[in-house]
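Participant: Structure provided below as C-alpha cells; questions to follow.
The values are calculated or read from the model by the stated rules, or taken from the named source; none is laboratory data. Quick caveat: nothing in here was measured; it's all calculated off a predicted structure. Methodologically, a virtual Cβ is constructed for each residue, glycine included, from the backbone with ideal geometry; neighbour enumeration extends over all protein chains shown. Calculation scope for accessible area: heavy atoms of the full protein, side chains included, ligands and nucleic acids excluded. Shrake-Rupley method; radii C 1.70, N 1.55, O 1.52, S 1.80 Å.
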Amino acid sequence: MKNRWLIAASAVGIHISIGSVYAWSNFTNPLIEQFGWTTSQVQLTFSIAILFLGLSAAFLGHFVEKYGPRKAGILAAVCFGTGVIGSGFAVSASSLPLLYLFYGVLGGIGLGVGYIAPVSTLVKWFPDRRGLATGLAIMGFGFAAAISSPIMEALITSVGLQNTFYILGFSYLVIMILSSLYLEKPEEGWAPPGFIEKMKSGKVEQKQDLAQLTANEAVKTKRFYYLWFMLFINVTCGIAILSAAKPLAIDSIGMTTIQAAALVGVLGIFNGAGRLGWAAISDYIGRQNTYTAFFVIQILLFALLPSTTNAILFQVMLAIIYTCYGGGFSSIPAYIADIFGTKQLGAIHGYILTAWSAAGLAGPMFAAWMKDTTGSYESSLIFFAGLFVIALVISILIRFDIKKVRLESERKIFEPTKKVISN
C-alpha cells in the first residue's frame, strides 16, 4: 500500500511544475527585446495556455477517470514538457506562431490534464481531510511562480532565452514523470488506519456525499451551474485585481514602481497560503460556509478599496483578497466531491474549470476596459463588489438545492421501511 503523504508530495511536484505558467511574465521583455514583438503578441501566449488549460481539463477529464492518474500525469508531463522544449525551437526559428502552438496549445493541454489528475486522486486518499489534501496540491500551483521566477531570471541571464526553455522543459518533463509514476488510486472503500474505528465510536463524524453522479449526470443539475458561476465570479474578480494590483498601488496610494512590484511578489505568497489555509479550514466549517465567507469578505473589501489611502491597510486588504482568490481554487474539488461524489470527480472538476478559462479572459479585459474608459481602476472595483453580491446570493441558493436533494434522498431511504412496518 502506498503512502498517501507521498501521493500528496507527488501531486505537489506536478503542480509546482505546471504552475510555472504564472511566471510567464519573466519571458515577456526578453522576447520583446529579441524579436521586436509587441506586448500584446507575447502576452497572447499566456492567454492561449490558460484557454487550453480549461478546454483540456473539460474534454480530457474522462481520460483521467478511464486511464487513471498515472497515465494522465504522464500525458500531462509529455504535453507540458514538450510544449516548453518546443518553445525553445520557436525561439530559434524566430516564430511567434510556433510559440503559440508549443507553449500555448500543447503546454496548455498539459496544464489542464496535470491540474486535475492528482487532485481527483488525492480526494480519494484523504476521505478525512479532503480540503487539506486538495489544498496541498493546489498550493503548489500557487507558489510555483515564486519558485520559478528567480530560476528563470538566472537562466535567461546566463544561458539565453532559447536554452532556458530547453533546460526548463526537460526539468519539468523529468519531475512530472517521476511524480506521476507514484500516483495511484486507493482500493475501493479504503480508509486511513483507525478512521473507520473512530467513525464507529463517534469520535469522528463523516458526512455522506450528497450523491454519486457521473459527469454527464452532474451537468444536468442546478448545483453544477451554481458552483460554476461561484468559481467564475471569484476568479474573474481575483484575476482582475491580480492584473491591476501594481498600477492600483501606484495610482491609489502613491507607491513607487519598485515598491509596487515588490508588493505583487509578496501578495503571491498570500495566494499560495490561501490555497492551503482556506481549504484546510473548509474541512472544519464546511465548503458552503467557506464560499459564503469568501463573498462576504470580498464584498466589503472591494467596496472599501477605492477609498483606502492608508498604505498598510491597502496592502492588508489586498492580501486577504489574494487568499480568497487562491482558496476558491483549492476548495472547489472538495466541494464537488461533497455534492457529486468521487465517482467521476476528475471529469466534473474539468467541466467546472471552464469557469477559469472564461474568467481568465473576462477579468483582465474588463478591468483594462474600465481603466481606458474612466481613467482609473476604482470604478471596476465597485462593479466587482456588485458581482460578489450575486455570488453571495448563489452561495445561498445552492444551500437550498443541497438541502432539497438531501431530504429527497432521505425520503427514499425511509419509504421502504415505512411500507414494511405498515404491512
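Participant: Of all residues in region 37-55, which are free of Cβ contacts under 8 Å to residues at least 60 places away in the same chain and either farther than 27 Å from Leu161 by Cβ or open to solvent by less than 60 Å² (accessible area, probe 1.4 Å) (or both)?
Facilitator: Trp37, Val42, Thr45, Phe46
Participant: Sticking with this structure for a sec: Looking at the structure I just gave you, is Met152 over 17 Å from Thr28 (Cα atoms) and either in contact with a strand residue (DSSP E or B) (Cβ under 7 Å, 6 or more places away or on another chain) or open to solvent by less than 10 Å² (accessible area, probe 1.4 Å) (or both)?
Facilitator: Spelling it out, it is not the case that Met152 is over 17 Å from Thr28 (Cα atoms) and either in contact with a strand residue (DSSP E or B) (Cβ under 7 Å, 6 or more places away or on another chain) or open to solvent by less than 10 Å² (accessible area, probe 1.4 Å) (or both).
Participant: Which of the residues that make up region 340-376 are buried (at least 23 other Cβ atoms within 10 Å of the Cβ), more than 16 Å from the chain's Cα centre (by Cα) and closer than 18 Å to Ala72 by Cα?
Facilitator: Across region 340-376, the qualifying residue is only Gln344.
Participant: Restricting attention to region 304-315, which residues are surrounded by 15 or more Cβ atoms within 10 Å (Cβ to Cβ) and in a helix (DSSP H, G or I)?
Facilitator: Hits for region 304-315 are Leu305, Pro306, Ala311, Phe314, Gln315.
Participant: Can I ask one more? All but one of (1) open to solvent by less than 20 Å² (accessible area, probe 1.4 Å); (2) over 16 Å from the mean Cα position of the chain (by Cα); (3) at pLDDT 95 or above hold for Val296, so report the exception by its number.
Facilitator: It is condition (1) that Val296 fails.
Participant: Right, something else. Every residue in region 316-339 that is surrounded by fewer than 24 Cβ atoms within 10 Å (Cβ to Cβ) and more than 23 Å from Ile269 (Cβ to Cβ), please.
Facilitator: Result: Asp338, single match.
Participant: Can you pull out the residues in region 140-166 that are of a type in the set (Phe, Trp, Tyr) and either without any contact (Cβ under 8 Å) to a residue 40 or more places away in the chain or touching a Leu at 6+ places or on another chain (Cβ under 8 Å) (or both)?
Facilitator: Residues satisfying the conditions do not exist here.
Participant: Still on this structure: Can you find, within region 191-216, the residue that is modelled with the lowest pLDDT among those that are of a type in the set (A, V, I, L, M, F, W, C) and touching a helix residue (DSSP H, G or I) at 6+ places or on another chain (Cβ under 7 Å)?
Facilitator: Looking at residues that are of a type in the set (A, V, I, L, M, F, W, C) and touching a helix residue (DSSP H, G or I) at 6+ places or on another chain (Cβ under 7 Å), I get Val204.
Participant: Okay, next question. Within region 151-170, which residues are assigned to a helix (DSSP H, G or I) and among the small types (Gly, Ala, Ser)?
Facilitator: Selection gives Ala154, Ser158, Gly169.
Yes/no matrix, rows are residues, columns are (1) part of a helix (DSSP H, G or I); (2) at pLDDT below 95; (3) out of contact with any Cys (no Cβ under 8 Å at 6 or more places or on another chain):
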residue	(1), (2), (3)
Ile258	yes, yes, yes
Gly277	yes, yes, yes
Tyr291	yes, no, yes
Phe302	yes, yes, no
Met317	yes, yes, yes
Ser330	yes, yes, yes
Ile339	yes, yes, yes
Ala355	yes, yes, yes
